[in-house]
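Asks: Below you will find the structure I want to go over with you.
The values are calculated or read from the model by the stated rules, or taken from the named source; none is laboratory data. All figures in this text were calculated on a predicted structure; none of them were measured in a lab. All Cβ positions, even for glycine, are placed from backbone atoms using ideal geometry, and neighbour counts span all protein chains on display. Heavy atoms of the whole protein, side chains included, go into the accessibility calculation; ligands, DNA and RNA do not. Shrake-Rupley method; radii C 1.70, N 1.55, O 1.52, S 1.80 Å.
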Amino acid sequence: MAGQMQPPGVNPMIPQTYRVNKFIRETHDTFSLDVVPKGGTEPMVFQPGQFNMLYAFGVGEVPISISGPKPGTQGMIHTIRDVGVVTRALHHLKKGQTLGLRGPFGSSWPIEESKGQDVVIMAGGIGLAPLRPALYALLEQRDQYGEIVLLYGVRNPEDLLFTKEFETWRGKYGVQVKLTVDTADREWRGNVGVVNTLIQRVTFDPLNTVAMICGPEVMMRFAVSELKRYGVPEQQLYVTLERNLKCAVGFCGHCQFGPAFICKDGAVFRYDKVKPFFGIREI
Amino acid sequence: MNAPVIIDRDGLNRLISVLVGMGFQVVGPTVRDEAIVYEPLDSIKDLPEGFTDEQDGGIYRLKKRTDKALFGYSVGPHSWKKFLHPPERRLWGAEADGSDFEIKPEKLESPKFAFLGVRACEMHAIAIQDKVFINGKYVDPVYQVRRENAFFIAVNCGQAGGTCFCVSMNTGPNIEEGFDLALTEILDEDHHHFVVEVGSQQGANCLAQLTHRQARSEEVEAAKNIVAQTAQQMGRTLNTTDIKELLYENLEHPRWDEIAERCLSCANCTMVCPTCFCSTVEDVTDITGMHAERWQKWDSCFTMDFTYLHGGEVRASTKSRYRQWLTHKLASWQDQFGSSGCVGCGRCITWCPPAIDFTEEVLQIRDSATQLSEPT
């Protein structure tokens with residue numbers, strides 16, 4: 001888990017300015033911003049699973065997971081769905097334009113802790129974005145892990161993210177990649193149904209598996225119960241939680257989930273730590 | 001520290017001028033709009049002399065006393081958090097230049113407040129907010145500088161209010177630590193003076209500039225008796241035994257639905273609470289669109305958009321918001337910050353329009369506790 005202290009004299013509420021290095025169109029409603037610090041070249045340090053607060057001038061700030069750099073690229077990548085006023089404003093940014101950034105914040109995926117184990121990654125929709133740096137980290141030391149499985153579900157085929165990378169993950173690194181959609185179209189030849197149904201199609205050793213899960217809460221609830229049914233211990237299941245965030249540093253109170261502050265204790269949680277509150281409505 | 005001393009009313013008045021001379025802005029209780037609030041003071045003439053208050057669920061009334069006591073009342077709607085954690089402040093501004101912009105952090109001011117009349121529960125409330133803003137992984141520099149500069153003149157309570165329960169929360173009424181000077185007001189037919197305990201070197205330095213004398217042992221004893229009597233008068237009690245487990249196990253208790261029928265979701269309880277710290281941010285621009293600002297403002301877990309996510313609010317029902325507030329204060333606060341989030345000041349009971357009584361609601365849940373079935 002990332003636990004770096006705030007440097008003295010730094011106000012964690014003040015953004016730094018970053019420049020859009022590259023704008024990447026991912027799908028019809030989702031895009032990625034590759035950003036670099038304005039006037040700075042220092043390498044950006046973050047852990048897979050962490051997020052930044054991105055600020056669009058005069059509009060506002062939103063928490064966005066860090067989805068890269070890709071191997072061989074420099075900037076920090078943020079994959080964003082255009083769903084609100086701030087994400088709409090970020091969508092309109094072009095290469096070279098400025099945005100504000102605070103971060104990185106939050107906990108991270110158990111990359112080190114998973115060494116020697118099989119790893120099952122389950123993602124729903126844009127939930128793949130915060131998992132991509134985890135996948136890169138695993139693949140960078142591929143021989144340290146057993147089976148690596150990616151189970152990825154989206155609503156419609158057109159919502160699939162990062163499709164160009166699937167073949168590299170399959171072919172070069174031997175990742176078992178399985179996809180599914182809720183609603184197929186004429187071209188779709190793959191699975192239809194919820195992401196859980198993919199578990200039976202892949203090979204892993206449940207007792208020696210770490211699962212990293214990110215998606216809508218309902219999807220994660222089903223994923224957790226299905227993985228438990230296969231025998232993956234609760235202490236080896238990792239989930240992410242999403243709530244309204246204003247400050248990202250535990251001052252504003254908005255993101256509380258029972259005893260946890262999602263901004264500083266999460267967004268990645270070991271399942272057994274949040275289990276008592278996981279199924280409670282309106283918690 | 002030094003042995004307790006005695007100062008009289010003139011001494012207290014002189015203390016205010018000494019603090020002003022040291023560069024402090026002295027703030028303390030004063031009467032405004034039929035309530036005792038915390039505002040800047042020039043002299044003891046600004047204190048609520050001869051006033052007391054009547055408090056109960058949803059009730060707050062000022063009354064005249066028959067004497068000239070300066071601190072003969074309980075806590076009002078204000079708490080010191082409005083000075084340490086300002087209700088609204090600009091965090092930064094930004095200036096655009098074409099498609100580029102620059103962020104200009106707000107200059108960090110460092111006002112020096114001297115708080116006169118801080119009660120025991122309030123000293124604890126400030127220590128609790130310290131854990132939120134300065135003792136964790138991140139530090140709020142605005143709170144930090146105000147907190148470090150502050151001078152505390154605590155006052156032992158000579159009477160308990162109708163909604164007070166500091167004894168249950170172990171936060172009073174006796175002032176124990178964190179103060180520069182602590183006063184106990186002694187008022188009888190022949191005397192009106194203050195027994196003063198010194199809690200810091202700065203407190204001792206101030207005292208050295210006032211006319212004072214050593215307190216006699218019977219005077220120190222009299223002050224202790226006053227606080228002991230106050231402890232016997234608590235208007236409310238709260239059984240805190242295993243309260244975290246009680247609430248965590250009863251998140252689906254039917255009592256929450258009953259409370260929701262009365263709760264207006266007005267957020268009064270969170271505004272008057274001395275430990276509630278939640279805030280939101282607002283982004284504004286001027287008419288040219290070239291200048292933007294970000295402001296931080298107090299917020300409340302009772303507002304509708306507090307938990308807004310794409311797709312709606314997580315806590316859409318009043319039930320869930322009241323449950324969040326109460327369980328945060330008494331249960332999850334313990335996990336987050338290692339102490340209760342409640343100091344037993346009773347403000348949330350007094351200032352609740354439909355008079356929902358925090359202590360009564362916990363009692364009802366305790367008396368009819370059903371075990372929450374294991375979530376799947």
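Asks: Work from the charge dipole of chain A (Cβ charges, +1 for Lys and Arg, -1 for Asp and Glu, about the Cα centre) and give the residue of A:Met212, A:Ile77, A:Pro15 farthest towards its positive end.
Replies: The residue sitting farthest along the positive end of the dipole is A:Pro15.
Asks: Under a crude label model (7 Å from the Cα following the beta-carbon direction), how far is B:His191 from B:Arg61 in nanometres?
Replies: 3.4 nm
Asks: Distance cut-off 21 Å, Cα to Cα: go down the list A:Lys94/B:Lys107; A:Lys264/B:Lys107; A:Lys228/A:Lys275 and report the pairs above it.
Replies: Flagged as over cut-off: A:Lys94/B:Lys107; A:Lys264/B:Lys107.
Asks: Determine the shape class of segment A:16-104: with a ≥ b ≥ c the square roots of the Cα gyration tensor eigenvalues, call it rounded for a/c under 1.5, and otherwise prolate if a/b is greater than b/c, oblate otherwise.
Replies: Working: a/c = 1.42, a/b = 1.25, b/c = 1.14.
Here segment A:16-104 falls in the rounded category.
Asks: Restrict the search to segment A:123-225; then list the GluC sites (Glu not before Pro) that DSSP places in a loop and that have at most 11 other Cβ atoms within 10 Å of their Cβ.
Replies: Within segment A:123-225, the qualifying GluC sites (Glu not before Pro) (loop, at most 11 other Cβ atoms within 10 Å) are A:Glu187.
Asks: Shifting gears a bit: Tell me the accessible surface of B:Arg147 in square angstrom (1.4 angstrom probe, heavy atoms of protein chains only), to the nearest ten.
Replies: Taking all protein chains as shown, B:Arg147 has close to 60 Å².
Asks: If you take the beta carbon distance between A:Glu42 and B:Ala204 as r and set R0 to 51 Å, what does 1/(1 + (r/R0)^6) give as a FRET efficiency, to the nearest 0.05?
Replies: Here the calculated transfer efficiency is 0.55.
Asks: Right, next: Relative to the longest principal axis of the C-alpha atoms of chain A, give the angle of the C-alpha long axis of helix A:128-140, reported between 0 and 90° and rounded to the nearest 10°.
Replies: With both axes taken from Cα atoms, the answer is about 70 degrees.
Asks: For B:Asp305 and B:Gln25 in one chain, what is 0.36 nm times their gap in residues minus the Cα-Cα distance, to one decimal in nm?
Replies: 97.2 nm
Asks: Taking the Cα centre of segment B:243-367 as origin and charging only Cβ (+1 Lys, Arg; -1 Asp, Glu), how large is the dipole, in debye to the nearest 20?
Replies: The calculation lands at about 200 debye.
Asks: Then there's this: Between A:Arg155 and A:Val83, with labels modelled 7 Å along Cα→Cβ, what's the label distance in nm to one decimal, could you check?
Replies: 0.9 nm
Asks: Also, quick follow-up: Take every Cα pair under 8 Å in chain A that's 6+ residues apart, average their separations, divide by the length, and report that relative contact order as a whole percent.
Replies: 17 percent
Asks: To the nearest 0.05, what FRET efficiency results for A:His92 and B:Glu252 with a Förster distance of 41 Å applied to their C-beta separation?
Replies: E between A:His92 and B:Glu252, to the nearest 0.05, is 0.40.
Asks: Please give the contour-minus-distance gain from B:Glu282 to B:Glu177: 0.36 nm per residue of separation, less the Cα-Cα distance, rounded to one decimal in nm.
Replies: Values: separation 105, 0.36 × 105 = 37.80 nm, distance 3.71 nm.
Residue separation times 0.36 nm, minus the Cα-Cα distance, leaves 34.1 nm.
Asks: Multiply the residue separation of B:Gln144 and B:Ala369 by 0.36 nm, subtract the distance between their alpha-carbon atoms, and state the gained length in nm to one decimal.
Replies: 76.9 nm
Asks: In Å and on Cα atoms, what radius of gyration and Dmax does segment A:118-240 show?
Replies: Using the Cα atoms of segment A:118-240, the pair Rg, Dmax is 13.4, 41 Å.
Asks: Still on this model: Over segment B:243-367, what relative contact order in percent results from Cα pairs under 8 Å that are six or more residues apart?
Replies: With pairs under 8 Å counted, the relative contact order is 33 percent.
Asks: May I pose another question? From Cα pairs below 8 angstrom and at least 6 apart in sequence, can you work out the relative contact order of chain B, rounded to a whole percent?
Replies: 22 percent
Asks: Using every alpha carbon pair in chain A, what percent of pairs falls into each 5 Å bin from 0 up to the bin containing the largest distance?
Replies: 1, 5, 12, 17, 19, 17, 14, 9, 4, 1, 0, 0
Asks: Something else about it: Largest first and to the nearest Å, give the Cα extent of chain B along each principal axis.
Replies: Its Cα atoms span 68, 62, 37 Å along the three principal axes.
Asks: With r defined as the distance between the Cβ atoms of B:Ala3 and A:Glu165 and R0 fixed at 60 Å, what FRET efficiency is calculated, to the nearest 0.05?
Replies: 0.20
Asks: Right, here's the next one. Only residues of segment B:49-72 count here: report those whose backbone N is under 20 Å from the spot 7 Å along Cα→Cβ of B:Glu360, or say none.
Replies: It comes to B:54-61, nothing else.
Asks: A further question on this structure: Hey, rough spin-label estimate for A:Asn208 and A:Gln16, points 7 angstrom out along Cα→Cβ, what's it come to in nanometres?
Replies: If labels sit at A:Asn208 and A:Gln16, their model points lie 4.1 nm apart.
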